[in-house]
1. Here are some pairs, 215/408; 273/342; 275/343; 194/408; 276/343; which of them have Cα atoms lying more than 31 Å apart in this structure?
2. Between (1) 33, 25, 21; (2) 43, 24, 21; (3) 37, 25, 19, which entry matches semi-axes √(5λ) of the Cα gyration tensor in Å as derived from the coordinates of this structure?
3. Probe 1.4 Å, all protein chains in place: accessible area of residue 181 in Å², nearest 10?
4. For the full complex of protein chains and a 1.4 angstrom probe, list 280, 378 by accessible area with the highest value first.
5. Using 0.36 nm times the number of residues separating residue 411 and residue 309, minus their current alpha carbon distance, what extension gain do you get?
6. Go ahead and set up a Gaussian network model of the chain, Cα springs under 10 Å, then flag whichever of 102, 212, 45 fluctuates most.
7. So what's the angle, to the nearest 10 degrees on a 0 to 90 scale, between helix 12-41 and the longest Cα principal axis of the chain?
8. Order the peptides 18-25, 305-312 from the highest to the lowest mean number of other Cβ atoms within 10 Å of their residues.
Amino acid sequence: MSLFRDYRRIERYVLFAILAEFCVQLVNATFMNLQTLYMKAEGYHDAEIADFISWRFAGVLVFAFPLGMFIRGKKVRPLFRISSAGVPLFALCILWCVHFHHDNLLIVSQWMWGTCFTFIQIPMIPFILRNCSPENRTAAISLSYSTWSLAGISSAVFVAVTNHINPVLFSERNLMAAISVAAFAGVYFVSRVKTEKEPGVEDKPVSFAAQHDWKLIFSALFPALIIATGAGLTIPFINLFFSRVHHMETDVISAWNFCAALLVAIAALTVPKIKKTIGYRVAVPTTQTFAVVALVLMATTELYNHLAIAGVIAVACYIIRQPLMNVAGPMTTEISMKYVGKKNREITSALAAAIWSGSWFISTRFIFASLRNIGWPYVDIFLITAAFYMCGIILYVLLIRSYNRREKAGLITEE
């Protein structure tokens, strides 16, 4: 199929690195879907759940910037090894801590989980840009980006089917434990990454002031900061929304997560075709705007959740929203990386991770937890997210215009 032709050309060792990333994302997707429900079943309240989960993002926030400085001019395969072993290991620690309510150790485990996650999240895009030929970069970035949704598909199918068969044996805790153990396969895939190009002269560290163009970096990352702040109020708590507002069970929620993840994966894999057909300028704002409309419609179902139709509308809007919002991700990532230039890629990737995790840390720990503590409904919180998203979309439109001007001026190249 022509859709997959671009992906067959990707360098083999890059594919193994992406497979290792998939294993890490398998744990991430499973915990994103089930951890809130598991903690709810163990007696934690919404505000407590938000507080503990926020420490995962704090780990990324603290280590992202120094890691971005460290990896410039260095091979990153050893970091992939740490991540592929550390993420599933600390995931198992989290399950143990939640079950026995060892809250202080739970914070440490969440922190270390996030820290290990940075070791594959931050170096991956610079690794792809360094090791892929220019004609394969869009496909490799799209495939890397789609590991999240592909992991979500695999996790959701496994959870929905097994939990439906036997909800006691295949409880949230047992399912997360099984998938965490399976994710250690990432260590094997990293071992198959036997080739990594030596960093070029232009990749070597220089003085801090000369190394980075902070005006370009800020311009590229400011839209992400706005969108990430809004996303932190919604994305980690979607399953709680369906559980508390629409009273759905774990197997039902997982089934809908599967449908959404499948559409996200398909959308992500079509990004190279979308880019060639309509370009960044149309694709990014159009898909994101429709995604915001779907989010608003989903949120407002809380106002009439006593009606049977409310749950149907909420699920439909969620399934529509996910691919629309996520299809822009690979495109905005590629735009940002090209916009800042080769010498700024590593620190931009690190700061992007720090921004997302920092924003989610603040949003989950302080904003969401506080608003739920004083009784704010989900609909009001999700509408705040929609407002942040719209501001971010406008900023991305401005960034794309600046990108096009710089490209015409010869300031942006494929290399």
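1. On the way: 215/408 19 Å; 273/342 25 Å; 275/343 25 Å; 194/408 39 Å; 276/343 26 Å.
From 215/408; 273/342; 275/343; 194/408; 276/343, over 31 Å: 194/408.
2. (1)
3. That residue has around 90 Å² of solvent-accessible surface.
4. Details: 280 25, 378 0 Å².
Output order, biggest surface exposure first: 280, 378.
5. Working: separation 102, 0.36 × 102 = 36.72 nm, distance 5.27 nm.
That pair, residue 411 and residue 309, stretches by 31.5 nm at full extension.
6. 102
7. Taking the Cα atoms of the chain, the angle to 12-41 is about 20 degrees.
8. Numbers: 18-25: 25.5, 305-312: 12.5.
Highest-to-lowest ranking by the protection proxy: 18-25, 305-312.
The values are calculated or read from the model by the stated rules, or taken from the named source; none is laboratory data. Just so it is clear, the structure is predicted and the values come from calculations on it, not from any experiment. Cβ sites come from the backbone with ideal geometry, for glycine too, and all protein chains shown count toward neighbours. Only protein heavy atoms, including side chains, enter the accessible area calculation; ligands, DNA and RNA are left aside. Shrake-Rupley method; radii C 1.70, N 1.55, O 1.52, S 1.80 Å.
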